[in-house]
Amino acid sequence: MSELVVRVAGVGIYAPGLTSWPLARAVLLGERAFEAADPPRPTPVALPAAERRRAPDSVLYATQAAAEACTMAQAEPAQLACVFSSTQGDIAITDYMCSTLASLPRELSPTKFHNSVHNAAAGYWSIATGCRAPSTALSAWTDSVGAGLLEAALQTVDTGAPVLLAAYDVAATGALRSVVPFDCSFAFALVLAPDAASGTRLVLRAASDTGPNDEPDLDWARDLRARNPCANGLALLQALALGAPQRLRIGAGAHFSLQVEVAP
Amino acid sequence: MTAYTATSAAGCGVDAFHVALRERRGGLRSNDFGDAPLSCWIGRVDGLEEAAVPGEFAAIDCRNNRLAWRGLQQDGFLGQARAAVARYGADRVALVLGTSTASIAATEEAYCDLDLGGNFQQSYRNFLLHSPHSLAAFVQGVLGTRGPVCTVATACSSSAKVFAQAERLIRLGWADAAVVGGVDTLCGSVLFGFNALQLVSDEPCRPFDITRRGISIGEAAGFALLERADRYQAAPRLLGWGESSDAHHMSSPHPTGLGARLAIGDALQRAGLSAAAIDYVNMHGTATPANDAVEAVVVTETFPESTRASSTKGWTGHTLGAAGIVEAVVCLIALEQGFMPGTLNCIQPDPACGPQLALANIARAPQIVLSSSFGFGGNNAVLVFGCGGRA
């Protein structure tokens, strides 16, 4: 079975009680208490002010986490291929589109329409950072975190260059709340690098067993996971914070999981 | 590529599509979709309203999955894909599908029928039915794959990018075979959305014509089975792929086509070929004034005069997230049937077009072909295919 070895060069996060990686790391280590309040709308410096006002929440969350990870990795965003991964994309935009289509379809906003594509966050990011490297936008339903991690690691190993992964989902809005069980927004990002000789390494393999995926070892983290599937990433983020060798099973699709070794 | 198929307004399955291309018979019709249709032309696949998916998938029955089901049944594709799953083992077959609409039509329907509390009626309360991954989940259920599975949703480049992702999975040892493809269906979001952007033509789309007035939206399903080339010498092959971002605008192309040029260059480099080796280019060619103007210049400046280039959207309409796979199938038909399709509905070419632009079909067999797909967000993907038997 093939394995992918990558280094985690940068981490970013924007989520309830976890509005930066240094804060999240301290909370995951138990050095600080978790405060569950929803954070303010992020104001990612990576986006120009006009775009920050116009962009949907999903774009703000994703780009906030992405920019933090790039800064930590000392990576130039314009040079990084990027993988954006999300279960649902921007639910508020979907709610707007479907509400308007049900009432006044000929009055649909052209800007909201182009913001409705699943790759809106990847598009805003590449435009704001001047990135002409490949970008993609994925979904594997509630296993989008694992599917994005696999694709980012594959690209890192294939190209021998760092790759940005941004995983995000936003709270459900409007009538979609009756079917999409997301009641908070959550984004995290990793910069993966191919030079795995030093630093925190991840070794990815296809999981051969059929057991359950790993949960974070913290009540508040499990609560967040129930509120937003992007928080599936917390098991990995906790392992990165602890810095001890660990083996995790992360869902990457129906009937398909990754076995991830975290090796500090 | 050991199996492939496409279903669109231009025909169900490769044989029907081939005949439509040969006979220059387009599939566009005056818009008859929905209750208060816009005045435009569409590429609609008939009979989906009466063709539910198999009962075990009733919870995610929707127009998009119905079209996926119709598409899987053409050209024996379903049997060949299931045979690959049996041959390699379910966990060694990846599934990577592109879509832009996915099942959003079902969400639109649910919003037209909310209960008194403003919530979805019980009959619509299935989370997966309202997710972009509904297509891949359905096809995975039908095929029984248990390997890597992923939806690529980068608007109109989606089902071209799936080839790149699947090729990486196979080459780096994560799968022995991959089913790729894409499905997009007509729905209010895309018809009224592109209308809001003033990109929809009130007549059948006329790619690269000087008086073109915009796109005709179509729906389509297409699939291909990728296996290692060394096992199947005679099968047509994926020689290269290229990807890039425009970094310019969410819904307008870069003015000089910089991202398109980067993706073409990336694909040629990966294939180890020069632009002079490309016999035929299937252009993105949506028939919007801006897209075609930029792409015409890119093709004129990138390829030699001997290369032939066309847009086949006059046959199918712009099938958005399915355009990549539909046009990959056009390229495979060109390779295997020995001709190059021209550009339907283009009468007077835009002067920006070079001698590469083919209006009429050309009765010459291409050996190496290239397909371009460009999407919103400035997302670009280019594929290069060649005949079987090449080293």
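Observations on the structure shown:
- Hey, residue B:210 touching a residue at least 24 places away in the same chain (Cβ under 8 Å) and in contact with a Cys (Cβ under 8 Å, 6 or more places away or on another chain) or not: no
- Within region B:245-257, being surrounded by fewer than 18 Cβ atoms within 10 Å (Cβ to Cβ) and more than 9 Å from chain A (Cβ to nearest Cβ) holds for B:252, B:255, B:256.
- In region A:201-225, the residues that are farther than 25 Å from residue B:95 by Cβ and touching an Asp or Glu at 6+ places or on another chain (Cβ under 9 Å): A:201, A:221, A:222, A:225
- Meets criteria (hydrophobic (A, V, I, L, M, F, W, C), part of a loop (DSSP other than H, G, I, E, B) and under 30 Å from residue B:231 (Cα atoms)) for residue B:323: no
- Residue match in region B:140-151 (condition: over 18 Å from residue A:154 (Cβ atoms), within 8 Å of chain A (Cβ to nearest Cβ), in contact with a helix residue (DSSP H, G or I) (Cβ under 8 Å, 6 or more places away or on another chain) and aliphatic (A, V, I, L, M)): no
Quick grid of which residues meet (1) more than 14 Å from every other protein chain (Cβ to nearest Cβ); (2) part of a loop (DSSP other than H, G, I, E, B):
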| position | (1), (2) |
| --- | --- |
| B:33 | no, yes |
| B:42 | yes, no |
| B:69 | yes, no |
| B:85 | no, no |
| B:107 | no, no |
| B:110 | no, no |
| B:114 | no, yes |
| B:118 | no, yes |
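- Hits in region A:132-159 (condition: outside any helix (DSSP H, G or I) and out of contact with any Pro (no Cβ under 6 Å at 6 or more places or on another chain)): A:132, A:133, A:134, A:135, A:136, A:137, A:138, A:140, A:141, A:143
- Residue within region B:357-376 that is buried (at least 22 other Cβ atoms within 10 Å of the Cβ), in contact with a Ser or Thr (Cβ under 9 Å, 6 or more places away or on another chain), outside any strand (DSSP E or B) and within 14 Å of chain A (Cβ to nearest Cβ) present: yes
- Among the conditions (1) within 20 Å of residue A:180 (Cβ to Cβ); (2) part of a loop (DSSP other than H, G, I, E, B), the only one that residue B:146 does not satisfy is (1).
- In the condition set (1) more than 19 Å from the chain's Cα centre (by Cα); (2) crowded, with 24+ Cβ neighbours inside 10 Å, residue B:260 is compliant with all but (1).
- Counting the residues of region A:88-129 that are more than 7 Å from chain B (Cβ to nearest Cβ), outside any helix (DSSP H, G or I) and surrounded by fewer than 24 Cβ atoms within 10 Å (Cβ to Cβ) gives 1.
- Against the numbered list (1) β-branched (Val, Ile, Thr); (2) in a helix (DSSP H, G or I); (3) in contact with a helix residue (DSSP H, G or I) (Cβ under 8 Å, 6 or more places away or on another chain), residue B:256 comes up short only at (2).
- Breaking point among (1) part of a loop (DSSP other than H, G, I, E, B); (2) surrounded by 24 or more Cβ atoms within 10 Å (Cβ to Cβ), for residue B:161: (1)
- The one condition in (1) within 14 Å of chain B (Cβ to nearest Cβ); (2) part of a loop (DSSP other than H, G, I, E, B) that residue A:196 fails to fulfil: (1)
Taken together, the values in this text are just the output of simple stated rules run on the coordinates, not laboratory data. Keep in mind that what you see is a predicted model, and the values were worked out from it rather than measured. Cβ atoms come from the backbone with ideal geometry, glycine included; neighbour counts cover every protein chain shown.
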